[in-house]
Amino acid sequence: MLRHLMTPLDFSAQELDALFDLADDIREHPDKYAHACAGKKLATCFYEPSTRTRLSIETAMLNLGGSVMGFSDAASSSASKGESVADTIRVISCFADICAIRHPKEGAAMVASEFASIPVINAGDGGHQHPTQTLTDLLTIRSLKGRLDHFTIGLCGDLKFGRTVHSLINAMARYEGIRFVLISPPELRVPDYITDLLNDRGIPYEEVIRLEDVIDRLDLLYMTRVQKERFFNEEDYVRLKNFYVLDTEKLRRAKSDMYILHPLPRVNEISVEVDSDPRAAYFKQVQYGVYVRMALILTLLGIQTTDAPAAAE
């Protein structure tokens with residue numbers, strides 16, 4: 001049956017475990033998967049700028065022996081002529097075996113999945129969801145911490161528009177013993193639908209403004225940038241862009257095993273002096289992102305590799 005990835009919740013916790021086991025096997029035995037997608041084509045339809053996500057997905061397909069095509073800007077596609085997402089994906093379905101789409105409008109990826117005859121991966125839709133980044137985050141956490149349950153995670157920065165934050169909270173809310181600390185200025189607090197979800201499930205959380213007040217209690221710190229492209233006016237962005245800056249002084253208060261994550265790109269919210277700290281894991285995230293996207297492509301295409309762990313059905 002045709003399957004897509006629109007949100008992290010499209011996979012059960014058990015299916016995610018299988019996906020991460022496959023990603024781990026890919027990391028340990030890359031040669032086994034070097035030709036798994038030979039003859040398969042991936043289309044990347046990016047209506048919004050991207051570096052890491054687009055290149056990571058394309059690298060994943062190339063590492064599997066497949067080929068890639070697509071566009072990196074709406075201006076270089078027929079969207080500039082007024083073509084709808086529905087029509088574009090129907091055309092892409094004639095050329096490719098699987099498609100990854102990023103779009104500034106929430107729900108655009110869902111529309112694409114409804115009209116596609118190939119698997120569709122949501123590579124980010126507006127301020128809504130970013131499921132492949134969430135898979136990357138979860139694999140990184142599992143690899144570093146050895147588990148996905150029973151810890152306190154702080155999410156800091158733009159929690160209002162940050163689709164990576166929304167996706168990660170949705171995904172981690174399914175695991176036992178998770179406590180969220182939501183760190184943001186009042187103007188950038190998480191949307192009500194996120195806190196409603198946490199309240200409905202009885203998941204403990206607190207909303208604070210100062211990172212310094214809570215950093216000593218965190219097992220993980222997920223930093224995010226204040227996103228200029230999501231603001232309606234320059235004045236608000238300038239006022240909030242440097243609200244949080246993680247530096248070595250603040251890190252002195254943190255646990256020795258508190259890992260720092262960031263979906264990237266960063267601007268000023270993590271000082272470059274932090275990069276040499278062994279707790280800085282954001283560049284490791286990038287590499288884990290390739291492995292998990294390789295596993296995702298194999299899973300959505302239903303490709304089994306000899307001696308590989310079984311992918312989620």
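The values are calculated or read from the model by the stated rules, or taken from the named source; none is laboratory data. Just so it is clear, the structure is predicted and the values come from calculations on it, not from any experiment. Backbone-built Cβ (ideal geometry, glycine too); neighbour counts: all protein chains shown. Ligands, DNA and RNA are stripped out before the accessible areas are found, and what is left, the full protein with its side chains, is counted by its heavy atoms. Shrake-Rupley method; radii C 1.70, N 1.55, O 1.52, S 1.80 Å.
If Ser93 satisfies all but one of (1) of a type in the set (Gly, Ala, Ser); (2) free of Cβ contacts under 8 Å to residues at least 60 places away in the same chain; (3) within 25 Å of Ala23 (Cβ to Cβ), what's the number of the condition it fails?
Going through (1) of a type in the set (Gly, Ala, Ser); (2) free of Cβ contacts under 8 Å to residues at least 60 places away in the same chain; (3) within 25 Å of Ala23 (Cβ to Cβ) one by one, Ser93 breaks only (3).
Which of the residues spanning segment 251-270 are over 27 Å from Ile26 (Cα atoms), open to solvent by 20 Å² or more (accessible area, probe 1.4 Å) and modelled with pLDDT of 95 or more?
Arg252, Arg253, Lys255, Ser256
Just to check your reading of the model, which residue among Gly154, Gly162, Gly146, Gly124 is on the phi > 0 side of the Ramachandran plot and in contact (Cβ under 8 Å) with a residue 40 or more places away in the chain?
Gly124
Which residues, taken from segment 37-53, are modelled with pLDDT under 95 and charged (D, E, K, R)?
Glu48, Arg52
Say whether the condition of being charged (D, E, K, R), in a strand (DSSP E or B), within 20 Å of Ile260 (Cα to Cα) and at pLDDT 95 or above is met by at least one residue in segment 210-233.
no
Looking only at segment 271-294, filter to residues that are under 12 Å from the mean Cα position of the chain (by Cα) and β-branched (Val, Ile, Thr); which one of those is surrounded by the fewest Cβ atoms within 10 Å (Cβ to Cβ)?
It comes out as Val286.
Looking at the structure I just gave you, is Ala38 open to solvent by less than 70 Å² (accessible area, probe 1.4 Å), assigned to a helix (DSSP H, G or I), out of contact with any strand residue (DSSP E or B) (no Cβ under 7 Å at 6 or more places or on another chain) and of a type in the set (Gly, Ala, Ser)?
So Ala38 fails the test.
For (1) assigned to a loop (DSSP other than H, G, I, E, B); (2) surrounded by 24 or more Cβ atoms within 10 Å (Cβ to Cβ); (3) among the hydroxyl-bearing types (Ser, Thr, Tyr); (4) at pLDDT 95 or above, each residue gets a yes or a no:
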{"residue": "Ser113", "(1), (2), (3), (4)": "no, no, yes, yes"}
{"residue": "Gly127", "(1), (2), (3), (4)": "yes, no, no, no"}
{"residue": "Ile141", "(1), (2), (3), (4)": "no, yes, no, yes"}
{"residue": "Arg174", "(1), (2), (3), (4)": "yes, no, no, no"}
